[in-house]
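Down below is the structure, laid out as structure tokens.
Laboratory data are not the source of any read-out in this text; all were calculated from the coordinates shown. Worth saying up front: this structure is predicted, and the values here are computed from it rather than measured. Reconstructed Cβ throughout: ideal geometry from the backbone, glycine too, with neighbour counts over all protein chains shown.
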Amino acid sequence: MEIKDRILIVEDDKSIVNLLVTVLKANHYEVYSASRASEAKSIVSSQCPDVVLLDLGLPDADGMSVIEYVRSYSQMPIIVLSARGHEQDKVRALDLGADDYMVKPFSAPELLARIRTALRHYKPAGTPSVVSDEVTLLNGRLVVSYKKHRVFVEGTDVKLTQNEYRIVALLARFSGRVLTYDYILKEIWGPHMKDDNKILRVNMANIRRKIEKNPARPEFIFTEAGVGYRMTE
Ligand code: CA
């Protein structure tokens, strides 16, 4: 199973949403959609999508506020899809940190090409900037493949979710060192994540169920009580 790039559509016009969902799914993207700015912000911080497609005329706020929100902590690509073709809107959106700006109506092939370009230029959180393609631990029993975005235990793909993968990839990058709960939360879910370890504990329980022989006596990822987690060296 391939790991799909995830795209968030922020748009209140249902017919455009339906069109985009159809086109993107046909091109093997995983798709989320939000019709309001507030909903968009919560999906951005909970799901960390790979690309945001953003309409500016939203019912509860100007789409520009979504650009500011995203840019306060993430470089995830933002492509504005707007009916507003004025130069000053384009300039403002790009100055706020949008990566691209398309005026409606746009063609699907052009949008897909621009999404591919945005993805090429973007390295999501959890992807190491180091050159190595993988980290191998405990004589190869655990392999984290950054290239394939997968984790293998004794040669078998353990099929982690995106967030589970990102947590394991992050710990593997710093294997042997303790990463605090707070650090991991903010790296995976962004700085607006509340200091609530519950979501992390739930993810860790699922990770251990998938990678450890006995999740109660882990060999790969250890809990440093009250502090955080540490991956074996
Ligand atoms: Ca609109």
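Listing for the model above:
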{"read-out": "Test item: Cα-centred dipole of the chain, Lys/Arg +1 and Asp/Glu -1 on Cβ, debye", "value": "760 debye"}
{"read-out": "Average Cα contact separation per residue, the chain, under 8 Å, 6 or more apart, as relative contact order %", "value": "14 percent"}
{"read-out": "Cα long-axis angle, helix 198-211 against the chain (0 to 90 degrees, to the nearest 10)", "value": "60 degrees"}
{"read-out": "Summed residue charge, Cβ within 14 Å of Lys104's Cβ, Lys/Arg positive, Asp/Glu negative", "value": "-4"}
{"read-out": "Percent RCO, i.e. relative contact order, over the stretch 6-121, from Cα pairs under 8 Å lying at least 6 residues apart", "value": "23 percent"}
{"read-out": "Per principal axis, descending, Cα span of the chain in whole Å", "value": "59, 33, 30"}
{"read-out": "DSSP bridge orientation in the chain - percent antiparallel, rounded to nearest 5", "value": "55 percent"}
{"read-out": "The stretch 134-231: radius of gyration and largest Cα-Cα distance (Dmax), Å", "value": "12.5, 38"}
{"read-out": "Over the stretch 78-215, volume per residue of the alpha carbon convex hull, in Å³", "value": "153 Å³"}
{"read-out": "Ratio Rg/Rh [Cα only; Rh per Kirkwood] for the stretch 36-159", "value": "1.10"}
{"read-out": "Computed over the stretch 168-224: relative contact order in percent, which uses C-alpha pairs under 8 Å that are six or more apart", "value": "21 percent"}
